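The structure under discussion appears below in the form of structure tokens.
Throughout, read-outs are computed from the coordinates displayed, never taken from laboratory work. Being a predicted model, the structure only gives us computed values, none of them experimental. So basically every Cβ, Gly included, is an ideal-geometry build from the backbone, and we count neighbours across all protein chains shown.
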2 protein chains.
Amino acid sequence: MGHMSDGARPPLTTRIMIGLNAVLAAIDGDRPLVLCTKAKGDKGLWGLPYGPFDPVRQRTFELGLRDFVAEQTRMRLGYVEQLYTFGDKGREAPSAVFEGGGAEDRIVSVGYLALAPGAEPVAMENTAWRNWYDHFPWEDWRDGEPRILSERIIPALQNWVDDAESPAEQRNRRDRVVLAFGYEESGWEEERTLDRYELLYEAGIVTEAEQDGLGETLPFQIVEAPMISDHRRILATAIGRLRGKLRYRPIIFEMMPPAFTLLDLQRSVEAIIGFPLHKQNFRRGIDNSGLVVKTGNVSAETGGRPAAMFRFDRSRVTGKAAQDRTIKGLTLPRLRQSPNAKLRAS
Amino acid sequence: MGHMSDGARPPLTTRIMIGLNAVLAAIDGDRPLVLCTKAKGDKGLWGLPYGPFDPVRQRTFELGLRDFVAEQTRMRLGYVEQLYTFGDKGREAPSAVFEGGGAEDRIVSVGYLALAPGAEPVAMENTAWRNWYDHFPWEDWRDGEPRILSERIIPALQNWVDDAESPAEQRNRRDRVVLAFGYEESGWEEERTLDRYELLYEAGIVTEAEQDGLGETLPFQIVEAPMISDHRRILATAIGRLRGKLRYRPIIFEMMPPAFTLLDLQRSVEAIIGFPLHKQNFRRGIDNSGLVVKTGNVSAETGGRPAAMFRFDRSRVTGKAAQDRTIKGLTLPRLRQSPNAKLRAS
DNA sequence: CCTATATATGCTCTAGTTGAGTATTATTAA
DNA sequence: TTAATAATACTCAACTAGAGCATATATAGG
């Protein structure tokens, strides 16, 4: 295999180090949660759990991830999926991440999405489940268009578009905004979380502390809640991936308790995708997906007529039971015009 | 940020090296192509172009990728997308990849998918465009179910299922086969390319030369055409990603020449997804996607009535023109019962 | 010119899916 | 008993997807 260009060997003074980042997501009622850690010396900013990859002891990234998450948070991961590998120069200061790391080292981080069936309380200090919309307030449309979007972000984006140096660049910026935020005809696509974040970042509307070198000079910065390093970007990637995957894989059940009502399920899905669903059509979709079966119990939790409890039926994904239809994920019957946005779906 | 576990710093004797792998795909008529290289000393096996990532000189992976592909193949990449990062221990022998690499080093490779608008001939020795179905004969259903699948692969998989040690494991294997290969009800899902490859690999039905340590002892091996290292796995990932993405992004146009007929477009899509489409419904789908516009010219290439030429209309993806509908990708109107599988779609 | 052949392109029909809403049922609290 | 709160059942219309028929415009060969 020796046909690579010469000079390939990196000088010993520049080492590559690999960090593993975990986006551990769970749902609590109608709150989508992500496990965060806060480190001293980071001005109180939150970050994602991360750990170094040890090339000697760890056979695969995934095993390494499971190890350090268990060590840091006492949680054992279930569903795990690789997201993306972030390798841009300057994305973090090596010495801040790896003990013994020097400024000349290069840190690459591999982000993973992990799903938990519930948000067990974590006893560790500086570790907490946080609502991910605290860091992405523009992504939650469950009560209608977020005010921060219409009142602050869109005007700021408009300024950014107007600020472009050439008409071509202006058109390009405008198109990107329209596409990412679904204005005009195209419509909000919930899975474009990363596109939106990157646009806001590029426009200087969000920023991640000082290490980005943009300091206080940003013209349009208006949205707070940064995270350390590029962790908010990693979280945006995770949210987008999870949202997109709901449609074609029965992944939501990785985040559900063993038994649940259909409304529980609906609230969980809504928490993730960030917009309300049409209740009757949602259950119709669930119903003929064949993904769940009744347990026989009922829940009298909520005041009205008791709801039947369901559980995920794994045999439906393959087995003879699945009859004719291809099992994919969930149908997400959007509620277009909510009669009263304040009151959720009827 | 210094809250990582100690002992994080890898000993200097184990270095991490990062390789970049490019799956450069193009279409020629009805042949889906991938740019391959053949190295001496690899028993004549084909592989993907790859190069080391230089942490000193290269600011991002993507720039590094573009550099080494330009150097190795004289091609400038257009559309590029990160696929996956492969880091399992033992996936390749470092000394074979990096000059100066030692057995104690750890190689991680970041795979990328790149799309070319056409397969320009490459003048480089040991570099060629190859039909990707040469390495995945079971993935091409354009002329009906591939014989290798029904005659050899499925029986071998059946043996593998029967071979399971426990009934539970047997059921598990069976379910995985059913799901990946779409037998019984669920139906063939073209984007599960990687699932299928991994299943075949696990069952010992495909193998990648000797470094996998399985040697000649495989009970069921029946499919040839391996590639070096884990390049066939990377290619499977790329094919799956590309197939899946066609449905929701207008990515096919990255692989088309500036002007084309609708049949050209259909043949290209069919080449990628590996099954035939219903012609009239395909054009209906293209038509009301609004993704293309007539150039005004016609093509008298094929013998029958001349076909109108079209071009991709980028303005449709955002612009005012897009009217009401959300522009996604293509509809893929499957042709279920081909009247005569030998004759493609009517 | 006329005919066979080949493909492009237009149109219809049907079944299933999706968005939306109405109606009915089973509880608890006042 | 009534109001409130949900759960659950059903209906309806618009649209989408699979299928196939019909017509239009070329070329090749008499």
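Using the 2.2 N^0.38 Å rule of thumb for compact globular proteins, work out how segment B:16-134 stacks up: its C-alpha Rg over that value, please. Could you put the intermediate results ahead of the total?
Working: Rg = 14.3 Å, N = 119, 2.2 N^0.38 = 13.5 Å.
So the Cα radius of gyration is 1.06 times the expected 2.2 N^0.38 Å.
Considering only the other residues whose Cβ falls under 15 Å of the Cβ of A:N172, what net charge follows from Lys and Arg at +1 and Asp and Glu at -1?
On the way: positive: A:R171, A:R173, A:R174, A:R176, B:R314; negative: A:D162, A:D163, A:E165, A:E169, A:D175, A:D195, A:E198, A:E202.
Taking every Cβ under 15 Å from that of A:N172, the sum is -3.
For segment B:67-86 and segment A:103-133, what is the separation of their C-alpha centers, rounded to whole Å?
Each part reduced to its Cα centre gives a spacing of 32 Å.
Within 10 Å of each Cβ in B:51-62, how many Cβ atoms from other chains are there, averaged over the peptide?
Details: counts 4, 6, 6, 9, 13, 7, 4, 3, 4, 5, 5, 2.
Across the residues of B:51-62, the mean count of other-chain Cβ atoms within 10 Å is 6.
Give the relative contact order (percent, whole number) for segment A:258-314; include only Cα pairs under 8 Å separated by 6+ residues. Don't jump to the answer; show the numbers that get you there.
Values: 61 pairs, mean separation 24.6, N = 57.
Once normalised by length, the contact order is 43 percent.
Note down the magnitude of the dipole of segment A:16-134 about its Cα centre, charges +1 on Lys and Arg C-beta and -1 on Asp and Glu C-beta and zero elsewhere, to the nearest 20 debye. Walk me through the numbers before you get to the answer.
Numbers: 13 positive and 16 negative charges, 7 e Å.
Charge dipole of segment A:16-134: 40 debye, to the nearest 20.
In nm, one decimal, shortest first: how far is the label point of A:E120 (7 Å from Cα along Cα to beta carbon) from the matching points in the other copies?
Nearest first, the other copies' label points are 5.7 nm away.
Can you give the average number of partner chain beta-carbon atoms within 10 Å of each beta-carbon in peptide A:107-118, as a whole number?
Values: counts 1, 8, 0, 5, 1, 0, 0, 0, 0, 0, 0, 0.
Mean shielding count: 1.
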